Each structure stands twice: as structure tokens, then as C-alpha cells.
Amino acid sequence: MARQLPLVSPCSSGRQALTCRYRCGDACGHDAPNTSANLYFGDLVREQISRRGVLRAGVVLGAAAAVTSAVGSAPAAASASPASKGSFSRGPRGLEFEPVAPNTHDAVTVPRGFDQQVVMAWGDPIFRDAPAFDPRRQTAAAQLRQFGYNCDFLGLLPLRGGEYLMVVNHEYTDEQIMHPGYDPENPTREQVEIGWAAHGLSVVAVESQRRSGALKPVVGHQLNRRLHTNTPFELTGPVAGHPLVRTTADPEGRTALGTLNNCSGGLTPWGTWLTAEENFNQYFANADSVTDPVTAARLARYGVSGTETDRKWERFDDRFDLAKEPNEINRFGWIVEVDPYDPESTPKKRTALGRFKHEAAQPRLTSDGRVAVYMGDDERFDYLYKFVSDTQMRKGNSRKAREHNAQLLDSGTLYVARLTGDSPAEQIDGSGRLPRDGAFDGAGEWIPLVSGTRSHVPGMTAEEVLLFTRLAADQVGATKMDRPEDVEPSPVTGKVYVALTNNSNRGAAGAARADEANPRNANKHGHVLELTERHEDAAATRFSWNLLLVCGDPASPDTYFGGMDKRHVSPISCPDNLAFDPYGNLWISTDGNALGSHDGLFAVALHGRHRGLTQQFLTVPRGAETCGPHIDRSRVMVCVQHPGEVDGATAEAPGSTWPDGPGSIPRPGVVSVWRR
Ligand code: FEO
Ligand code: CA
Ligand code: CA
């Protein structure tokens, strides 16, 4: 039976039912897939008692030295901002803007004195032969030559002479608001093929403009590229060729078609792009027909269930039907590495980094020059991971260096995190009230799961650990987290930050209760973890940690902002993607604001007396989530994902008219913002 669209979103956040359906296949409407008896942190306590590339100095946000700190003496914002109650005479560098007040405008709202531009949106041409976008006459052939849908990760890689390569993930499609006259029960082949073409990745050259942060796409640039659901990707690392990744079309198990649900990602110091396959489960039909108990348990742990899928791709390609191609699904859920500088290159699915609902992947070099990659598995009660390569990165751009670095992510050790608090368990009561030592903090360790082709998990081979990483991590006592999303090391201090979006089920009957690292039951607003590895070495297996932010309404006693006086901060809910500016401030985009206003982008100071100061920089249109983000000397960039994705919306009755205005349908797009 086809799943019906719930009338009310099952999420505790501000997410719409339409988002739940098309983005994550109603993940929150189902039980959390982690039903392992894996001890949660309170039990462990009781048991015990009995750089990505160096950023150049300089800025943008604080570049206009004459601009007064918005936190103190600047004129009041257009509408009262919580931050305007502050008393600082001058904010920290990089936060010298007047915070945007929470709002529900169907627009990208930026601070006074800033300009903005839509760099590229769904349907814009990437190649010279791309037809003009017309949503009423869209075709798959046109979509293959145009910018895809629902942009999420955003990266800028340098080219010569003020040009960049803009690399963008297209996470998923919203058929109901894309296609006029769409019948969810009977999509046409053309509509399905538009979906295949609108998923995936875009590489687009852009030119910077003088005296502004605007970027002009170079249509037809020789490096422009679209990768989509039928593009060949090579499986590399220990799982390549394994019987469980062989299919009728690919009996060798080495070439998968397409990349799906690419959420966030990261850029490597050797000039490639990592992109994360997240909610791949929702594209595969007929899990209910699987009778083998081992296979069924593996599917269940990844949230694969039911008969028909929402998009019904299985009607048009057997590989999306588990009853016909049981192994096709094992070729998704990986970290993918793309070389955007080589438009002929085949992107690689790096199986050594494990298979789960990958949110993102951010590298940092270890003290001896190897590469660590930090990764979150975005599901309630799932885990935080780190991969450390066996060999060192080679510097430079010689052919030898490039060939060496192209193998870096194929061999190493994959770890999962266990976090232990330092306060007595009875002081962590699930309310978010700080324990007596004044901090949610403690110690942690990275537990090895697999090293190269050697498994550390009893009863599982190395290949099984990598294919069914969640099941391996269940066995070693990993800490169940509140939806680990983006993980970002500071290029200034090396400390690692983890966005934990929310977890409606924390503390529910039969589910794990609050612990010091996830200290609120029914966690609606999420939190941000700060992790310091021993000797500041990314290869370390021990670390200390504390919660930088416990998000929500600053007036509420269950929130915490790094010790900052909460009268000075902006409300923030559901942290998701993370980035750093050149000053070492942490920028956070949100997804699912449960405080009643639209999602947005926030800057957080991390050091000195301003630590914890949180200011909202922008808000996004109705129904949208804020993605990207990217901050450099000249601009702040975000992806506006799924504008108009509100319940009841259709192409005929759109939930937003951003960016084209009245009478148009919404188009997800990339926005650049700069100080005027
Ligand atoms: Fe695609 Fe976890 O957000
Ligand atoms: Ca503590
Ligand atoms: Ca995300």
C-alpha cells in the first residue's frame, strides 16, 4: 500500500509534512531505526561507578571598519532584535552586523547595509544548449543541461583570475510543487526522469564581480558539469566488487549509476569535493517482500520499509525495486569524492568511510600529515564517526601527488564516538538544567570499527562493517546522539564542532533517556557540541567535549549559549550545516526552526569574552531551509533549499514565490550576500 501523506508533520521541529515526505521518507513518522541495546550514556556512568585548507586572514563581514557593532550602539534593527538589548560597545570581528530579527517574510532577509543576489536557481542554464526554463514544459532532456533542484552543500574552489568553481549538491526533488498537474499516485515517465536529472550534483564556473560579492555564472565553461541519477560512479575501497554490491547490470560490483540524496559535504586540502549520500532508503521499494531475516534486519536498521515509494521510480527502473535487485541499495549511502577540476573524471564512492545516512564529511590533517574525515549519521539515536587514512597527503599539484591523494580515502581506520559525562547521572534530569559543575561536558574516545581489511567487530567481516556500519557501531557501545548532522573542525583552533539537530524521541517510552551529551528529553531545538582531541591531533583516539550551545529561546531556562549572557543572543533552533569565517567564528544554518519563525543563518563567536554570542545573519523564505553555507573575504553564501515546501502546496498553489515573485513557482537557489 502506498504511504499516505500525513496531515500533520510527525516531526517535533517546525518541519512541514511535505518536507518529511520528500526529504527523508517520513523518517520521524517511523520508529527510530536504532533499536539496539547499545547502552546509553547514563548506563555507562552507572556501570563505571559499580584543516581543511588554511584560510587567509582578512574579512568581509568586519571589513568596513567604520561600521559600529550591531550588538551595541548601532541603530535599532527594523524590528526589535533580541541582540539589540545588548550592552557591548563593539562586537567580535566578523560579527559586526545588526542581527536580523526572527520573521516569516517570504524573502531572504539580510542585515541593514548588505546586498544580495541569486547566483543560480533551479532550471538556470549550465550549458549553452540548455533550453530556457519553463516549469509548464519541463523535460528531462532540459533538466540535464540545467541547474538541479534543492541545493544543499555549497563549495567554492579557486580558478584563475577571480573565477571559482561552484560545487553544489541537489539533495532531492519535491514533485508536488515542481510539476503542474502532478498526480502522486501516477507520475509520468517524463516526470520521473526529470526527478532523476534534477537530483545529483552541479559544477558551475562563476566569475566574481568588482566592488561586490556578486557572482556571475559562466554558462558553457569547459569545467561545468551535471552529475545525476544515471551518471556512472566507481565504487572504491574494501567493498568494491563484494558480492553484496553486484547487480544484474553490474556483475563486477564496481560501477554504480547515480548519487542520491546528497546532503552536505566538504572540500579536501588536495582540491576535491566530498559529497554525502543521506536518506537513500526512501528510493527503494518493496522492503516488505524481503524474507531473509538477516537482510530484513539490515534494511530495518537503515529505515528501509514498506512497499511502493513516494516517487514510484521502481515502476520505471527495476533497480529501485528490492524484490528485483536486492543489492542495488548497497551501492548508496556512501561518501562520494569528485574531482571538479577534471570534467572527464569518474567520481568515486569511498567505501572505506562506511555506509550510513551520511550528512557531511569534513577533512582535517593529522599532526603527521594523514587525513581525518569527520562524519555524522543524521538519524535520531545514531552516531558520530571519524575516518583516519593510513597514508599521508602529498602536497603540491604534480601528477604523482594527485595520483597518490586519489587513493588516500581508500584505506584507513573508521572509528565511532563514545562520549562520557563528568557530572553525576542524577544531575542530568532531561530538562536541560545545567549540572552543578556548570557545564554539559566530559571525555570521549574514538572506538575503532575497521582498519583497512581488518574488522574490530566480532562476528562481522571488514566488508560487513563498512556496508552495515550502523550495526557494527551498535555492538561497540557508541553513544546514541540527537541526529548528528554537520561536523566541522575549526581551521583556527582545530577544535571540532558537531550540529545535533533535534530528537523528538529522546526520553520517550522505550527510548534512550537524556545523557550529558544529549541532555534534553523531547529535544525540539538541538544543540552544538565542541570536541577537543588530545594534543590537538586529528589522529587522537581520546578527546574532551562540552556543549557550546543548547539551542532554543534564550528566555527559556533549558538553553545555554557558551556562558554568554542570554540577553545578547538571537534565538536559534535546529542547527544543521556548519562553516567557519576567516576570523574563526562558527556559522550555523538551521533546518526546521521550532520557534515559529523561518530558518536562517547565524554567526557564533567562540573565543574570549564574546564566546557564545550568537547573532542571526539572515532568514530564508517560506517553507525553506538554510543550507551551504560559505563565508569568505567577499561574501556570505547560502543555499535556499525547498522554498514553498509547505503542507497543501502544489505548483498551482505555491507556498512561496521566491525568488521570481508573484505568479511564479518557487525555485531553490544559491544566494550571495555582501556588505554594500
Ligand atoms: Fe539532509 Fe540531515 O539533512
Ligand atoms: Ca559536567
Ligand atoms: Ca542537512
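The values are calculated or read from the model by the stated rules, or taken from the named source; none is laboratory data. Computed from a prediction, not measured in an experiment: that's the story for all the values here. FYI the Cβ positions are ideal-geometry reconstructions off the backbone, even for glycines, and counts take in every protein chain you see.
Just one of the listed residues (Glu426, Glu445, Glu488, Glu464) is within 16 Å of ligand 1 (Cβ to nearest atom) and on the phi < 0 side of the Ramachandran plot, namely Glu488. Report yes if Thr391 is over 30 Å from Asn523 (Cα atoms), over 26 Å from the mean Cα position of the chain (by Cα) and of a type in the set (Val, Ile, Thr), otherwise no. Answer is yes for this residue.
For region 267-284, filtered to residues that are surrounded by 24 or more Cβ atoms within 10 Å (Cβ to Cβ) and assigned to a strand (DSSP E or B), the residue that is farthest from ligand 3 (Cβ to nearest atom) is Trp273. Counting only helices (runs of 4 or more DSSP H) that sit wholly inside region 138-233, those with at least 2 residues that are within 23 Å of the chain's Cα centre (by Cα) and within 24 Å of Ile665 (Cβ to Cβ) are 175-178, 189-198. A residue that is within 16 Å of ligand 2 (Cβ to nearest atom), crowded, with 18+ Cβ neighbours inside 10 Å, over 22 Å from Pro238 (Cα atoms) and at pLDDT 95 or above occurs nowhere in region 378-386.
Does Thr307 count as away from ligand 1 (no atom under 16 Å from the Cβ), modelled with pLDDT of 95 or more, under 21 Å from Asp31 (Cα atoms) and not in a loop (DSSP other than H, G, I, E, B)? So Thr307 does not fit the description; no.
Identify, please: which residue in region 334-376 is over 20 Å from Leu235 (Cβ atoms) and under 16 Å from the mean Cα position of the chain (by Cα) and is, among those, farthest from ligand 2 (Cβ to nearest atom)? Selected residue: Pro363. Test Asn503 against the stated conditions and say whether it is buried (at least 20 other Cβ atoms within 10 Å of the Cβ) and within 16 Å of ligand 3 (Cβ to nearest atom). So Asn503 passes the test. Considering region 562-578, and only residues there that are crowded, with 24+ Cβ neighbours inside 10 Å and farther than 17 Å from Glu96 by Cβ, the residue that is farthest from the chain's Cα centre (by Cα) turns out to be Pro571. Taking region 117-166 on its own, how many of its residues are of a type outside the set (D, E, K, R) and within 22 Å of Leu618 (Cα to Cα)? Count: 14. For region 246-266, filtered to residues that are farther than 16 Å from Thr346 by Cβ and surrounded by 19 or more Cβ atoms within 10 Å (Cβ to Cβ), the residue that is nearest to ligand 1 (Cβ to nearest atom) is Cys263. The residues in region 405-422 that are closer than 12 Å to Lys386 by Cα and polar (S, T, N, Q) can be counted, and the count is 1. Taking the conditions (1) more than 16 Å from ligand 1 (Cβ to nearest atom); (2) under 18 Å from Gln641 (Cα atoms); (3) touching a Ser or Thr at 6+ places or on another chain (Cβ under 6 Å) in turn, Pro238 satisfies each one other than (2).
The set of residues from region 506-533 being within 16 Å of ligand 3 (Cβ to nearest atom) and of a type in the set (Val, Ile, Thr) comprises just one member, Val528. Taken over region 380-397, the criterion of being within 18 Å of Lys480 (Cβ to Cβ) and in contact with a strand residue (DSSP E or B) (Cβ under 6 Å, 6 or more places away or on another chain) is satisfied by Arg380, Tyr383, Leu384, Tyr385, Lys386.
Right, Thr420: of a type in the set (Ser, Thr, Tyr) and within 16 Å of ligand 2 (Cβ to nearest atom) or not? So Thr420 fits the description; yes.
Yes or no, residue by residue, for (1) touching a strand residue (DSSP E or B) at 6+ places or on another chain (Cβ under 8 Å); (2) aliphatic (A, V, I, L, M):
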residue	(1), (2)
Ala121	yes, yes
Gly148	yes, no
Arg160	no, no
Pro184	no, no
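Among the residues of region 395-436, the ones that are closer than 25 Å to Trp446 by Cβ and charged (D, E, K, R) come to 3 in all.
On the given criteria, is Val498 β-branched (Val, Ile, Thr) and either buried (at least 19 other Cβ atoms within 10 Å of the Cβ) or closer than 22 Å to Ile335 by Cβ (or both)? So Val498 fits the description; yes. For region 381-391, give me each residue that is under 16 Å from Arg418 (Cα atoms) and either within 11 Å of ligand 1 (Cβ to nearest atom) or assigned to a strand (DSSP E or B) (or both). Those that are under 16 Å from Arg418 (Cα atoms) and either within 11 Å of ligand 1 (Cβ to nearest atom) or assigned to a strand (DSSP E or B) (or both): Phe381, Asp382, Leu384, Tyr385, Lys386, Phe387.
The single residue among Thr413, Thr453 that is in contact with a helix residue (DSSP H, G or I) (Cβ under 7 Å, 6 or more places away or on another chain), away from ligand 1 (no atom under 16 Å from the Cβ) and of a type in the set (Val, Ile, Thr) turns out to be Thr453.
So, of the residues in region 392-433 that are small (Gly, Ala, Ser) and assigned to a helix (DSSP H, G or I), which turns out to be farthest from Phe381 (Cα to Cα)? So, considering only residues that are small (Gly, Ala, Ser) and assigned to a helix (DSSP H, G or I), the one farthest from Phe381 (Cα to Cα) is Ala401.
Rundown of residues vs (1) hydrophobic (A, V, I, L, M, F, W, C); (2) within 16 Å of ligand 3 (Cβ to nearest atom), yes/no style:
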{"residue": "His535", "(1), (2)": "no, no"}
{"residue": "Val550", "(1), (2)": "yes, no"}
{"residue": "Met564", "(1), (2)": "yes, no"}
{"residue": "Asn577", "(1), (2)": "no, yes"}
{"residue": "Phe580", "(1), (2)": "yes, no"}
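The strands (runs of 3 or more DSSP E) located wholly in region 568-652 that include 2 or more residues which are away from ligand 1 (no atom under 16 Å from the Cβ) occupy 586-590, 600-604, 614-619, 625-631, 636-641.
Taking region 350-379 as the range and being under 20 Å from Val487 (Cβ atoms) and of a type in the set (D, E, K, R) as the test, the residues that pass are Arg350, Arg355, Lys357, Glu359, Arg364, Arg370, Asp377, Asp378, Glu379.
Looking across Gln362, Gln427, one residue alone is touching a Lys or Arg at 6+ places or on another chain (Cβ under 8 Å), among the polar types (S, T, N, Q) and crowded, with 24+ Cβ neighbours inside 10 Å. It is Gln362.
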